Amino acid sequence: MWDYSETVKEYYTNPKNVGSIEDADAIGEAGALACGDALKLYLKIKDGVITDAKFQTFGCGSAVASSSMLTEMIIGKPLKEVEKITNKDIIERLGGLPPEKIHCSVMGREALEDALNNYYGYKIGEKSTDKIICNCFSVTENVIKEAVEQGAKTVKEITDLTYAGGACGRCKENIQKIIDSILGPKKINKEELTPVQFALKVNSILEKEIAPQLALDNGGLELVDIEGKNIYIKLKGTCESCPNAKSTVKNFIEKKLKELIDDEINVIEG
Amino acid sequence: MNDNKNIIYLDNNATTMVDKKVVEAMIPYFTNEFGNPSSIYELAHEAHNALENSREVIKEFFGANDTREIIFTSCGTESANAAIRGVIEANPNKRHIITTKVEHPCVLNTFKDYEEKGYRVDYLNVDENGELLIDELKTLVDDDTALVAIMAANNETGAIYPYEEAAEIVKSINPNTKVFIDAVQAAGKIKLDVKNTKVDLMGISGHKFHAPKGVGAMYIKKGTIIKPYMTGGHQERALRGGTENVPYIVGMAKAAELAMNALEFENKTVKELRDRLEEGILENVKNAKLNSRTKMRVPNTTNIGFEYIEGELILLHLDKLGICASSGSACTSGSLEPSHVLRAMKTPFTSLHGSIRFSLSRYTTKEEIDFVVQNMPIVIKKLAKISPFQKELAGILGE
Ligand SMILES: Cc1ncc(COP(=O)(O)O)c(C=O)c1O
Ligand code: FES
């Protein structure tokens, strides 16, 4: 079980400010049922001050506790102050959250922003060009770009680093676009392989796809060595003395391996 | 009733309380009879005898022919790894393996491992009631198929899969393809009779039937060749090196003996209590939807989805009442994905995230079940107030 703080326990057991406000001045929403997390936030605003706030959350214990805590934090506060509240502030007030659960709490901040945007009729975040790419986890474009700069190359690596793409997956396509915009469109580089996986795959393709073709002409081949992307092979049978050996190596074997495994493969005979 | 009087434990598919008789049977092998079963002197004899007597009991438990077909392991996960890796590595020329979309991670992730190594992997589907579509095997098994791994009963839904029939199909197409059955959730709940099936390997885990955690067993049919995945000494016919964990094996055998004697009770009394719980909840909680609808189910398990309410929140509120259950919701496990089993069953998103598994044992009492049935509507009513889907809930709850 999770190691929840006493405050978190209290707030999911008896959450404060649950419900809706009929004549709310602003309503904010975040998340979606499909993602397993959804939040509605209702605000009453008078003279630039939040006079009442209520919430409804579909989510786990931390999601409920953080939504409830957020309403407590904003009631009676001027909008200028409320705008500055971060997710971190909410978590601090809760006495911390288990690291795996932090993403469950970002919705509160997101719904607040949505409510304020609706209230002002423009986006408060507009000054910056940052926009949310993954709604499930409220991950913005800049966060994803940063992750790419830190070395993430695939959507999966982005998910591991930032959670983005980890729930409903709707944002995966956009994450890929961001990766492409920085690293250039994806090469035929099919997947990241460890050296052992790479060797096994090369061997399996040589055995299954290439050897049978060569065998049709009574030829054959042997895998001699693999050094990085350089693959050393030895032709056998009729291939050995075949005048077209060089073109077989480059046009058939290398082409096939490039197509199936990695664009940068170099096949060397000898 | 378990000893912890404040707790209603309905999570027996996760793990079980160790039976007191099991603890008693184990104790001498920690103290007086601590010998290594492989040693030569008198002290070791009792340990050796205890080990072989346990093997006899576990043989019966599997419904196997011969004690030489039983290998002791450390858990269900090890049994699965030993069987799957053992078969694949013993057949290096075959590059195709088949399992189901709803296996336990100990099978799924082992298959993933081989998928990454370039193996061709096929996954059988389940239908919306949770039944496994074993007919898919007919078009999938071929000359290149080294192994088919299917669970006997699903840990999340309790669905029993027709693994005997599946094994028949596999063998009729390719008699050399090996069949491994993860029987971890079936053992102690339904009778195993492996000798009268075409199954080659089967795994069980002690802690799911009132033995301690960290001990399991594998059945390997006579004549089946596997490459030992744990190399070491000559123990367990050199198929699993390592000095046998005698006290735990003795405990598992005692638990198996008790479980065999309780099978009838399990399938009558425990089943009645499970049905009482299931019907009670479905009747009294209007947004409750039965996820495990198949008739073929182990007697102790039900999986119910509560629409528009999140599973972890339900568990936390049940926990306040001393009720222990589990959930396939993403948030409970800390993973980002909700249950792969319910997803494979195409459980709608409305109830997917609010799915709760209740799993009983022969220690569950009627009072406990009635307490849960009484309190479930109260908990759900309270939590429904928090949900943003008031309109939808009002439609269902009729308020
Ligand atoms: C179907 C199934 N297989 C395997 C296992 C793994 O067993 P163990 O925890 O003993 O490794 C479990 C346990 O959750 C299970 O439910
Ligand atoms: S938007 Fe759902 S995972 Fe990103």
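Just to confirm my numbers, what's the Cα centroid distance between the stretch B:169-198 and the stretch B:80-96 in Å?
Using only Cα atoms to place each centre, the spacing works out to 17 Å.
In debye, nearest 20, what is the charge dipole magnitude of the stretch A:132-183 about its Cα centre with +1 on Lys and Arg Cβ and -1 on Asp and Glu Cβ, if you could check? Could the numbers behind the result be given before it?
Numbers: 6 positive and 7 negative charges, 33 e Å.
Dipole of the stretch A:132-183, to the nearest 20 debye: 160 debye.
Would you please report the Å³ per residue occupied by the convex hull of the alpha carbon atoms in the stretch B:20-258? All intermediate terms of the calculation are to be shown ahead of the outcome.
Values: hull volume 26.8 nm³, N = 239.
For the stretch B:20-258, the hull spanned by Cα atoms encloses 112 Å³ per residue.
I need the fraction of alpha carbon pairs in chain B separated by more than 26 Å, rounded to a whole percent. Before the final figure, lay out the partial values.
Details: 43304 of 79401 pairs.
Looking at chain B, the distances longer than 26 Å represent 55 percent of pairs.
Which angle between 0 and 90 degrees, to the nearest 10, do you get for helix A:195-205 versus the longest principal axis of chain A when only C-alpha atoms count?
50
From the cross-link list B:Lys178/B:Lys254; B:Lys191/B:Lys295; B:Lys21/B:Lys271; B:Lys112/B:Lys295; A:Lys250/B:Lys94; B:Lys286/B:Lys385, which pairs have alpha carbons spaced over 20 Å apart?
Numbers: B:Lys178/B:Lys254 30 Å; B:Lys191/B:Lys295 17 Å; B:Lys21/B:Lys271 24 Å; B:Lys112/B:Lys295 31 Å; A:Lys250/B:Lys94 29 Å; B:Lys286/B:Lys385 14 Å.
Going by Cα-Cα distance, B:Lys178/B:Lys254; B:Lys21/B:Lys271; B:Lys112/B:Lys295; A:Lys250/B:Lys94 fall outside the 20 Å limit.
Could you work out how far helix B:163-173 tilts from the main Cα principal axis of chain B, as a 0 to 90 degree angle to the nearest 10?
Approximately 60 degrees, to the nearest ten.
What do you get for Rg/Rh of chain A when both radii come from the Cα atoms and Rh is the Kirkwood radius?
Numbers: Rg = 28.1 Å, Rh = 22.5 Å.
Looking at chain A, the ratio lands at 1.25.
Mind listing the Cα extents of the stretch B:193-330 along all three principal axes, in Å, largest one first?
Principal extents (Cα only, largest first): 58, 31, 26 Å.
Can you give the three extents of the C-alpha atoms in the protein assembly as shown along their principal axes, from longest to shortest, in whole Å?
Taking the Cα atoms of the protein assembly as shown, the three principal extents are 87, 74, 46 Å.
In whole Å, how far is the Cα centre of the stretch B:338-356 from that of the stretch B:248-268?
What the calculation gives is 32 Å, centre to centre.
What does the charge add up to near B:His210, with Lys and Arg as +1, Asp and Glu as -1, over the other residues with Cβ less than 12 Å from its Cβ?
Values: positive: B:Lys20, B:Lys21, B:Lys189, B:Lys208, B:Lys213, B:Lys254, B:Arg362; negative: B:Asp19, B:Glu257, B:Glu266.
Around B:His210, the charge tally is +4.
Which of B:Ala217, B:Ala149, B:Ala344 moves most in a GNM of chain B, Cα contacts under 10 Å?
Among B:Ala217, B:Ala149, B:Ala344, the largest GNM mean-square fluctuation belongs to B:Ala344.
Taking just the C-alpha trace of the stretch A:68-117, give me its Rg and Dmax in Å.
Final numbers for Rg and Dmax: 10.7, 32 Å.
Relative to the longest principal axis of the C-alpha atoms of chain B, give the angle of the C-alpha long axis of helix B:311-320, reported between 0 and 90° and rounded to the nearest 10°.
Approximately 90 degrees, to the nearest 10.
What average count of beta carbons from other chains do you get within 10 Å of the Cβ of residues in A:59-67? Display every interim value, and only then the final one.
Working: counts 10, 13, 10, 4, 5, 6, 2, 0, 2.
Other-chain Cβ atoms within 10 Å of each residue's Cβ, averaged: 6.
Just to be sure I follow the definition: excluding the sites themselves, where is the longest run in chain A that has none of the GluC sites (Glu not before Pro) in a DSSP loop with at most 13 other Cβ atoms within 10 Å? Intermediate results must be reported in sequence, preceding the final value.
Numbers: sites that count: A:Glu22, A:Glu191, A:Glu192, A:Glu264.
Here the longest run is A:23-190.
Sort all Cα-Cα distances of the stretch B:75-129 into consecutive 5 angstrom bins from zero, then give the percent of pairs in each bin up to the one containing the longest distance.
4, 19, 29, 26, 14, 6, 2, 1
If the reach is capped at under 17 angstrom between alpha carbons, list the aspartates and glutamates near B:Lys208, excluding any in the same chain fewer than eight residues apart.
B:Asp11, B:Asp19, B:Glu78, B:Glu103, B:Glu156, B:Asp182, B:Glu257, B:Glu266
May I ask for the net charge around B:Ser38, where only other residues with Cβ less than 13 Å from the Cβ of B:Ser38 are counted and Lys, Arg are +1 while Asp, Glu are -1?
On the way: positive: B:Arg237; negative: B:Glu52, B:Glu236, B:Glu244.
Taking every Cβ under 13 Å from that of B:Ser38, the sum is -2.
Quick note: the coordinates plus some simple rules give every number you see, no bench work behind them. Everything numeric here is computed off the predicted structure, so don't read it as measured data. Using ideal geometry, Cβ is built from the backbone for each residue, glycine included, and neighbour counts are taken over all protein chains shown.
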